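The values are calculated or read from the model by the stated rules, or taken from the named source; none is laboratory data. Bear in mind the structure is a predicted one, so any value in this text is a computation, not a measurement. FYI the Cβ positions are ideal-geometry reconstructions off the backbone, even for glycines, and counts take in every protein chain you see. Each accessible area value is taken on the protein alone, full model and side chains, heavy atoms only, with ligands, DNA and RNA left out. Shrake-Rupley method; radii C 1.70, N 1.55, O 1.52, S 1.80 Å.
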Amino acid sequence: MSIKIAVSSEGPGLDDMLDSRFGRAAGFVVVDPETMESTYLNNGAAQLRGQGAGIQAAEMVAGSGAKLVLTGFVGPKAFQALQAAGIQVGQDLQGLTVRQALDRYKAGQVQTAQAPNSAGRR
Amino acid sequence: MRVAIASGKGGTGKTTVTASLARVWPGPLTAVDMDVEEPNLHLFLKPELAHSEQALMEVPEADESLCTACGACSEICQFKAISLLGETLLVFPEMCHGCGGCLMVCPAGALHPASRHLGEVLWGRADSAGFVMGRLRVGEAMSPPLMRAVNRRLQAMLTEEPGDVLVDAPPGVSCPAVSAVSGADLVLLVTEPTPFGLFDLRLAHQAFTPLGMPMAVVINRAGLGDEKVHDYCRRSGLPLLAEIPFDAEAASAYAQGQVLTDVLPTMRDLFKDLAAALPALAKPLREASHA
């Protein structure tokens, strides 16, 4: 059984660019990697948030049922929140479309992270 | 009368003006440094800070064994300082604004009040004036809660020794600056006659206008730049109360931690006139309450 994957993205589709920011990503494309069926979660409210964008995004991803996030940079609080929700993190991705990021994961080229890779904003 | 000395732009001379006014103030006075992130008024007034206290803010602490994972706390928190992820409750005390909402809504008694160290409040005397300041803990991101603690101490001091108050505000126009000028009967905006000075003066004027207290302007480093700050004051009805000349002697005195009125006789007259001009501009409400 495959797990649902949330990819931080600049737009709603598989061919939109991956957004390298986790907490302040424009949205998340949530994909079933077997069928490639996807839904989109708009994260626009995070842009207005002075603080807590990463935690808010982690809550949103947790609510979608995804068990893995593919993204660029994850701050310490977001990372802690994702871990608490039992969501794995594939980070350091940049310059790819959502589909390319998923392909890379399927090819076994994305390691899941044990620690955050960004200092975060606060 | 409570006068807040503010600016938009940093480095325009708020502390220079506050310290000089304090020196020539005609009656009982308490000077307050509300720039708790980078306090410096004490470097000029050189108070004897005989007292200090730690300032704390209430933040939640969770007892996970009692948490039923209902999510009520997570939902009420606007700052994501407490968050329920699946069955796991996470508390980020450093992000808490201390509203206490989570403690009120928890139906399981799983949250209890703990505290976060904000910094310290220090107070004492600077010659004949009272003096109080805050110093934010390094790493603390929020200054308004500490500023409220400074204000509580100020109120206690005023109960013992009533008098006027001069508040040295932080620069900028965001929460710390707005917190510092709140409650003032008059805001003195210190600026310089340059494009930067004008730009930030306008921001400050706009930011503080909704607070409803009168404002007036002091130009520092007069003789530099252009006349556009003067034009702006005329157009927008902001009284221009004083112009402190751009002067190497003044800069040198400042650099040595001296108060301008102590070393430059012309400054003494200038600041005495400024102090004398303030009561007429301040909110009449406060004057009425003295009667």
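Structure notes:
- Label point at B:CYS70 placed 7 Å out along Cα→Cβ; residues across the range B:98-121 whose backbone nitrogen lies under 19 Å: B:100-113
- Here the gap between B:SER52 and B:HIS97, fully extended at 0.36 nm per residue and compared with their Cα-Cα distance, gives a gain of 13.9 nm.
- Lys, Arg +1 and Asp, Glu -1 on Cβ, resulting dipole of the protein assembly as shown about Cα centre, debye, nearest 20: 260
- To the nearest ten degrees, helix B:14-24 and the longest principal axis of the Cα atoms of chain B are 60 degrees apart.
- GluC sites (Glu not before Pro) lying in DSSP loop within the range A:1-77, provided at most 10 other Cβ fall within 10 Å: A:GLU34
- Within the accessible area of the range B:16-147 (1.4 Å probe), percent carbon and sulfur: 52
- With all pairs of different C-alpha atoms in the average, the Kirkwood value for the hydrodynamic radius of the protein assembly as shown is 24.4 Å.
- Contact residues in the range B:53-96 by the 30 Å² criterion (accessible area, 1.4 Å probe, full protein complex versus chain alone): B:LYS80, B:LEU85, B:LEU90, B:PHE92, B:MET95.
- On Cα atoms only, tilt of B:195-208 relative to the major axis of chain B in degrees: 60
- Segment A:LYS67-A:GLU34, length gained on full extension (0.36 nm per residue, minus Cα span): 10.4 nm
- For chain A: relative contact order, % (alpha-carbon pairs under 8 angstrom, 6 or more apart): 28
- Per residue of A:80-86, other chain Cβ atoms within 10 Å of the residue Cβ number 5 on average.
- Charge context of B:SER83, other residues only, Cβ under 14 angstrom, K/R +1, D/E -1: -2
- Accessible area of the range A:14-122 belonging to carbon and sulfur atoms, whole % at 1.4 Å probe: 45
- Distance (nanometres) between label positions extended 7 Å along Cα→Cβ at B:SER174 and B:ASP226: 2.9
- Helix axis angle, B:265-281 relative to chain B longest principal axis, alpha carbon, degrees: 60
- Chains A and B together bury some 1200 Å² of accessible area, summed over both sides, with a 1.4 Å probe.
- Buried on complex formation within the range A:19-57 (loss of at least 40 square angstrom of accessible surface versus the isolated chain, 1.4 Å probe, ligands and nucleic acids ignored): A:ARG49, A:GLN51, A:ILE55.
- Cα centroid of the range A:1-28 to Cα centroid of the range B:246-273, whole Å: 60
- Counted by Cβ distance under 14 Å from B:GLY134, the other residues give a net charge of -3, where Lys and Arg count +1 and Asp and Glu count -1.
- The range B:12-28 and the range B:130-147 have Cα centres separated by 21 Å.
- Only beta bridges with both residues in the protein assembly as shown are counted; by DSSP, about 50 percent of them are antiparallel.
- Rolling a 1.4 angstrom probe over the protein heavy atoms with all chains in place gives chain B an accessible area of 46 Å² per residue.
- At a probe radius of 1.4 angstrom, the accessible area of chain A per residue rounds to 46 square angstrom.
- For the range B:130-262, the residue among B:LEU241, B:ALA156, B:ALA251 whose Cα projects farthest onto the positive side of the dipole built from Cβ charges is B:ALA156.
- Selection among A:MET36, B:GLY8, B:ASN40 by position relative to the dipole of the protein assembly as shown gives A:MET36 as farthest towards the positive end (Cβ unit charges, Cα centre).
- Proximal lysines relative to B:LYS14, as straight alpha-carbon distance under 28 Å, when same-chain residues fewer than 8 apart are discounted: B:LYS46, B:LYS228, B:LYS272, B:LYS283
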